[in-house]
Amino acid sequence: MSKTDIDLIIGGPQGGGIDSAAQVVIRSFTIAGFESYGLREYHSNIKGRHSYFHVRIKEEPVRSLRYPIDMLVCLDGETPFVHMDDVTEGSIIVYDSDFENTKLEQVVTMEPETQKHLREKFQSLKVEPVVKNLMEYQKSRGVKVVPVSFRKLITDTLGQNKPPARYSNTLGASISMAMLGLPADITKSGIASVFGRKKEVVEDNEKIVDAAYKYVDSLGIKVNKLNVREYRERFMVTGNEAVGIGKVLGGLKFQTYYPITPAADESFFLEGHDYFEEAIENQNEQLRKTGVVIVQAEDEISAIAMAISGAMTGARTATATSGPGFSLMAEALGYAGINEIPVVLTLYQRGGPSTGLPTRNSQADLLFALNAGHGDFPRIVISSGDAEEAIFDAVKAFNYAERYQMPVIHIMDKVLANSFYVIDKVDSSKIKIQRWILPTSDTDEYLRFKFTETGISPMGFFGKQIFWLTGDEHNELGHITEDPETRDAMMEKRMKKLEIASKEIPLEDKLLVFGDKGAEIAIVSWGSNKGPILDAMEKLKAEGIKTRFVYLRLFSPFPSKEVAEALKGAKIIIDIENNYSAQAALVIKEYTGINVNKFILKYNGRHVTEDEVYKSIKEVLNGKDKVVMTSGA
Amino acid sequence: MAHNFKTDLWVDWCPGCGDFGILAAIQQALAEYNAKPENYVIVSGIGCSAKTPHYVNVSGIHTLHGRAIPFATGIKLSNPNLTVILDGGDGDLLSIGAGHFVAAGRRNVDFTIILHNNGVYGLTKGQASPTLPRGTKTKGLQRPNIYDSLNPIALALSVGYTFVARAYAFNIRHAKDIILRAIKHKGTAVIDLLQPCPTYNDINTKEWYDQRIYYLDQDKEWDPIVRKPEEEEVERKYLQAINKSLEWGDKIPVGVFYQNEFVPTYEERIKQNFPNYFEDPPATSQISKKDGSAVADMENIFKDKIVRK
Ligand SMILES: Cc1ncc(C[n+]2csc(CCOP(=O)(O)OP(=O)(O)O)c2C)c(N)n1
Ligand code: SF4
Ligand SMILES: [Mg+2]
């Protein structure tokens, strides 16, 4: 095991504290001065079904996850089966020996299809599908297996009165950290930082940490020694939280939502941070208390309608949703378009169509985001690929919405939403807030849709000016008109703003080119694939394979010239996306005429990893036109 | 000079349409209420009735079919200091927008809903609306209506509206008085505004209403107002209103059915967590410093996200 590049999975039943275990691991390693990144995977279920947490720890910033993993911690009898192929020679499995006799067919929480696939695998391996036998098989291929009786260790430590199931998450996490060589006091700090205010819980869990470390010592199974690095203050946030933070820094004042996975956690997080104190000027002691109004609407139609109309009072407003909710918002999106209303919609993609894979990843809503709503209207569509980008993009979304007076769709995905990132503080001085153009005169009659050179009319607000808005085609005042000339002029006015946006938005917000800019192999991708691709590129480079990566950030207005420029001279263009139809490649073709000729796609709802991108690119270079990535449990 | 509440547009309703009366009543009520003209916003959905905002010289937002309530809610909650009035058809508010109509009762945002009740979908040429009784055959229908009708007053009461009234489009002065009372009411007010549609509804005509309507406030005994914040008083007034709402046919009551100002508005509920909400509402709250940088500070607001040693 490499000392400073560790992939760890902790698996157990949904509702069994996997989330806290994840936090303990990430926080402990952060306190120890390491970098980490982790992802939660779970079913659309509250209690019982398999869930797991995959984290990678390094000295350098972590951008992706990787298989095979170094360590698997199984809190139940299902995890050893589900993740049997995630480990390899040299990996470690820590498992609860109380489940030793669990047979595959006894795992009732497992879906029948998964059971069937696993049964077939066991048949071909000629291994009995029982945890015990599985562990023998793992040993036979060089995996180190560490059985731990969770029940015994917990009751020996805390007595009979505490339910062992409540502590197995910390125990599993502690054993793994003890084996990885993290000092016990740091693991305890990690525990304290997760369970913070609950004194008894912290104390109990600290006892569990001690027991775990003693157990590992007594068996002499420590596999690593980590040199604790310098601690510095960091923030641990999910992608949902990053967007929430970005929105608040960017001046969000009114957010609406209807609960849906994986978007709702953003609004839920905001509800916990909706009243606070802030200084209005630099070097100004004067603090004021202020708030953000967050409304749980009766449905997504209402949510977007409220956000749209709220923006017409001068507030920065936003909504957040996912596929099914976004489908309901389509009509209102066009309303914001024709009425030139600055509204921000954060779209967390999940597996579709319909309810699809509600808790799994996808990038299949790109074309819908670009086209949702009837009729022609301008919109800005941006996409983020990690937590830091998400923070700044949330601010930019507001700036664009107000500057160009149109709806902005900020695309995220499930992997981004549910990953844990450890980031530095974003200084408020780095957040630039740019707002609308206001009318220059208070005395002239106000024309909400005044024709101007740029197509951008001075913004007016309810409570300030008198004007009208209508979903019908309208004149400059905002009254209904079906006059053909005015219709043409209004259509052109609205669409012209996209050209202005195209000119003004800086290149780095349109796309980034990584790697070897002149390489003949070009990769195009977007969103959460950024990290795994960057990591895979380094591996390829080490082998002498040069690549360039055109990472797309702005999809509307589409930066055709810039994309064409970035792809110039490429012999092989590989599109990597989490959807079936290679949507970004279709967009590139539509706007630049460039044919992407190789495809690496994934639509099983699971995250893309460094190793599978690496492997898939190799397959493409060996002549395959299309690779479907299938990893992930 | 007094503000002119009429715009100079030609009003494009059919001659004899009840909406003319409602429009006049609104214009008079706004003049009499006397807020700053910029502080009014009229919100509508889609339908004949939904054109109302264009004819009133205050800000207007003509929105989507069925969605006037959420649009109005967004405006009022972003700037609780505005006076918001909503116009919607019976199809708009009670069919496609019925979910919002129910949610609005539970929120009690301080605005006024004027329900243009004409029994039909005017703008789509006379299909049955949710208030048209089963068995009725208006002239736009191929055969008698096979849906049961709903009772807007009883529905509003049952989902928590705190001001429920009925008015009649062709008694402008009375309708104006009811609208004014609704605007002054603290909480969501709904007015079931009986609106003849001479083009498509040949049953509920002006003559039909003129023969049946009577005024609740002419009855000295009638007291629709909840006088004390006590359960028993609320229940008595509520049941009285429900009972009254069942009267339809030969005699149709018009006036205020129920009013309860003891229910906190949604804005007051927000204020519980956000004490200076009315003084520093979303609409006008400062978000950037003079140099354009953010006022909000990550370390201060999101300190719980810091990984501390
Ligand atoms: C989503 C949607 N569906 C259908 C329509 C077509 N439409 C326009 S007005 C209307 C009905 C209007 O009836 P009502 O709300 O009672 O208003 P009235 O015209 O009677 O005042 C319908 C169905 C629409 N505009 N939008
Ligand atoms: S169709 Fe009916 S409701 Fe519409 S304008 Fe004509 S009379 Fe009025
Ligand atoms: Mg109608």
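The values are calculated or read from the model by the stated rules, or taken from the named source; none is laboratory data. Because the structure is predicted, anything quoted here is derived from the model rather than measured. All Cβ positions, even for glycine, are placed from backbone atoms using ideal geometry, and neighbour counts span all protein chains on display.
Descriptive notes on the structure:
- Within segment A:477-501, the residues that satisfy the criterion of being away from chain B (no Cβ under 14 Å) and farther than 13 Å from A:MET406 by Cβ are A:PRO484, A:GLU485, A:THR486, A:ARG487, A:ASP488, A:ALA489, A:MET490, A:MET491, A:GLU492.
- Sole exception among (1) in contact (Cβ under 8 Å) with a residue 40 or more places away in the chain; (2) under 22 Å from the mean Cα position of the chain (by Cα) for B:PRO198, by number: (2)
- Scanning segment A:213-243 for residues that are over 26 Å from A:PRO259 (Cα atoms) and assigned to a helix (DSSP H, G or I) yields A:TYR213, A:LYS214, A:TYR215, A:VAL216, A:ASP217, A:SER218, A:LEU219.
- Segment A:36-60 residues that are in a loop (DSSP other than H, G, I, E, B), paired with ones that are basic (Lys, Arg) (beta carbon under 8 Å, 6 or more apart): A:TYR42/A:ARG49; A:HIS43/A:ARG49; A:GLU59/A:ARG229
- One residue stands out in segment A:255-280 among those that are at the interface with chain B (Cβ under 10 Å from one of its Cβ atoms) and of a type in the set (Phe, Trp, Tyr): the one that is nearest to the chain's Cα centre (by Cα), namely A:PHE269.
- Filtering segment B:260-309 to residues that are within 22 Å of A:ALA297 (Cβ to Cβ) and more than 7 Å from every other protein chain (Cβ to nearest Cβ) leaves B:VAL263, B:PRO264, B:THR265, B:TYR266, B:GLU267, B:GLU268, B:ARG269, B:LYS271, B:GLN272, B:PHE278, B:PRO281.
- Once segment B:122-174 is narrowed to residues that are of a type in the set (A, V, I, L, M), closer than 17 Å to B:PRO196 by Cα and away from ligand 3 (no atom under 14 Å from the Cβ), the residue that is surrounded by the fewest Cβ atoms within 10 Å (Cβ to Cβ) is B:ILE172.
- Identity of the residue in segment A:200-246, more than 12 Å from chain B (Cβ to nearest Cβ) and β-branched (Val, Ile, Thr), that ends up surrounded by the fewest Cβ atoms within 10 Å (Cβ to Cβ): A:ILE221
- For segment B:1-52, filtering for residues that are assigned to a helix (DSSP H, G or I) and within 13 Å of ligand 1 (Cβ to nearest atom) leaves 8.
- Count of segment A:180-202 residues which are of a type outside the set (A, V, I, L, M) and outside any loop (DSSP other than H, G, I, E, B): 9
- The set of residues from segment B:110-150 being more than 16 Å from ligand 2 (Cβ to nearest atom) and not charged (D, E, K, R) comprises B:PHE111, B:THR112, B:ILE113, B:PRO133, B:GLY135, B:GLN142, B:PRO144, B:ASN145, B:ILE146, B:TYR147, B:SER149, B:LEU150.
- Check on A:SER383, in contact with a strand residue (DSSP E or B) (Cβ under 9 Å, 6 or more places away or on another chain) and modelled with pLDDT of 95 or more: yes
- Residues being within 11 Å of chain B (Cβ to nearest Cβ), among the small types (Gly, Ala, Ser) and either within 20 Å of the chain's Cα centre (by Cα) or in a loop (DSSP other than H, G, I, E, B) (or both) are represented in segment A:452-460 by at least one member.
- Any hit, segment A:247-254, residues being more than 7 Å from chain B (Cβ to nearest Cβ) and part of a helix (DSSP H, G or I): yes
- When segment B:48-59 is filtered for residues that are within 8 Å of another protein chain (Cβ to nearest Cβ), more than 15 Å from A:THR481 (Cα to Cα) and surrounded by fewer than 24 Cβ atoms within 10 Å (Cβ to Cβ), only B:ASN57 remains.
- Test: residue in segment B:192-203 that is more than 16 Å from ligand 3 (Cβ to nearest atom), out of contact with any Leu (no Cβ under 8 Å at 6 or more places or on another chain), away from chain A (no Cβ under 14 Å) and assigned to a strand (DSSP E or B): no
- Verdict on B:GLY45 being within 12 Å of chain A (Cβ to nearest Cβ), under 25 Å from B:ASN204 (Cβ atoms) and either free of Cβ contacts under 8 Å to residues at least 24 places away in the same chain or within 16 Å of ligand 3 (Cβ to nearest atom) (or both): yes
- Test set (1) surrounded by fewer than 19 Cβ atoms within 10 Å (Cβ to Cβ); (2) free of Cβ contacts under 8 Å to residues at least 60 places away in the same chain; (3) closer than 22 Å to A:ASN371 by Cα - A:PRO559 fails condition number: (1)
- Only one entry of A:GLU105, A:GLU41 meets the criterion of being surrounded by fewer than 24 Cβ atoms within 10 Å (Cβ to Cβ), modelled with pLDDT under 95 and not small (Gly, Ala, Ser), and that entry is A:GLU41.
- Residue among B:TYR40, B:TYR33 that alone is touching a residue at least 40 places away in the same chain (Cβ under 8 Å), more than 14 Å from every other protein chain (Cβ to nearest Cβ) and within 26 Å of B:PRO282 (Cα to Cα): B:TYR33
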